[in-house]
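The structure appears below as C-alpha cells.
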C-alpha cells in the first residue's frame, strides 16, 4: 500500500501537536512495515522544516527532519506536476494540486491529511489519520 503524507501530518508529529500527534505518529510508523510505503514531497518536507525551525531552531529542526525523511519516499514533484496542477480548473490551491499529482504519479492509494477538504478534487481516497487507521487497522 502506498500512502501519501501531507505536510500537516509531518508538522503534527514534529511539534507533537496536542490532539493530533498520536494518530499522525501511528500513520508514520507504518513506514516500518514492509507492506507500506510512505510518500511525501520535498515541498512538504520544507513546510515541516519551516515550522520545526520556528519551534526548535535550525539545528534541531534539521536533525528531526533528517530522522523523519529516512522513513519516507520523496515523490517526484517537477514540471509535469506543476503543469497539471495549473491546468486543472478544479485545483484552486497550487501546493495541494502539486502534492496530489505527485501522489498520483507515485501510485499512491491514499492521501493522509488533517485537511481533507483541501483535496476535494482528488480521485485518490483522502482520509484524516484517525479515519485511515480505523479503516485499515481495526
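The values are calculated or read from the model by the stated rules, or taken from the named source; none is laboratory data. In this text, all values refer to a predicted model and were calculated from it rather than measured experimentally. Cβ sites come from the backbone with ideal geometry, for glycine too, and all protein chains shown count toward neighbours.
Going by the structure shown, is residue 86 surrounded by fewer than 16 Cβ atoms within 10 Å (Cβ to Cβ), within 16 Å of the chain's Cα centre (by Cα) and farther than 17 Å from residue 29 by Cα?
Numbers: surrounded by fewer than 16 Cβ atoms within 10 Å (Cβ to Cβ): yes; within 16 Å of the chain's Cα centre (by Cα): no; farther than 17 Å from residue 29 by Cα: yes.
No.
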Taking residue 48, is it surrounded by 11 or more Cβ atoms within 10 Å (Cβ to Cβ) and farther than 21 Å from residue 109 by Cα?
yes
Mind checking whether some residue in the stretch 32-55 is at pLDDT below 95 and touching a strand residue (DSSP E or B) at 6+ places or on another chain (Cβ under 8 Å)?
no
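State whether the residues of the stretch 130-137 include one that is in contact with a helix residue (DSSP H, G or I) (Cβ under 7 Å, 6 or more places away or on another chain), without any contact (Cβ under 8 Å) to a residue 24 or more places away in the chain and exposed (fewer than 15 other Cβ atoms within 10 Å of the Cβ). Full working, then the answer.
Our first condition is that a residue be in contact with a helix residue (DSSP H, G or I) (Cβ under 7 Å, 6 or more places away or on another chain); within the stretch 130-137, this holds for 130, 132-133.
If we keep only those that are without any contact (Cβ under 8 Å) to a residue 24 or more places away in the chain too, we end up with none.
No, the stretch 130-137 contains no residue that is in contact with a helix residue (DSSP H, G or I) (Cβ under 7 Å, 6 or more places away or on another chain), without any contact (Cβ under 8 Å) to a residue 24 or more places away in the chain and exposed (fewer than 15 other Cβ atoms within 10 Å of the Cβ).
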Candidate set from the stretch 23-32 (those that are touching a residue at least 40 places away in the same chain (Cβ under 8 Å) and surrounded by fewer than 24 Cβ atoms within 10 Å (Cβ to Cβ)); member that is nearest to the chain's Cα centre (by Cα):
28
When the stretch 1-22 is checked residue by residue, the ones that are touching a helix residue (DSSP H, G or I) at 6+ places or on another chain (Cβ under 7 Å), surrounded by fewer than 21 Cβ atoms within 10 Å (Cβ to Cβ) and in contact (Cβ under 8 Å) with a residue 60 or more places away in the chain are 20
Between a residue in the stretch 100-113 that is at positive phi and surrounded by fewer than 23 Cβ atoms within 10 Å (Cβ to Cβ) and any residue that is modelled with pLDDT of 95 or more and in a strand (DSSP E or B), which pairs come within a Cβ distance under 7 Å, given they are 6 or more apart or on different chains?
107/2
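At pLDDT below 95 and either under 18 Å from residue 111 (Cβ atoms) or under 13 Å from the mean Cα position of the chain (by Cα) (or both): is that true of residue 71 in this structure?
Working: at pLDDT below 95: yes; either under 18 Å from residue 111 (Cβ atoms) or under 13 Å from the mean Cα position of the chain (by Cα) (or both): yes.
Judged against the criteria, residue 71 is a match.
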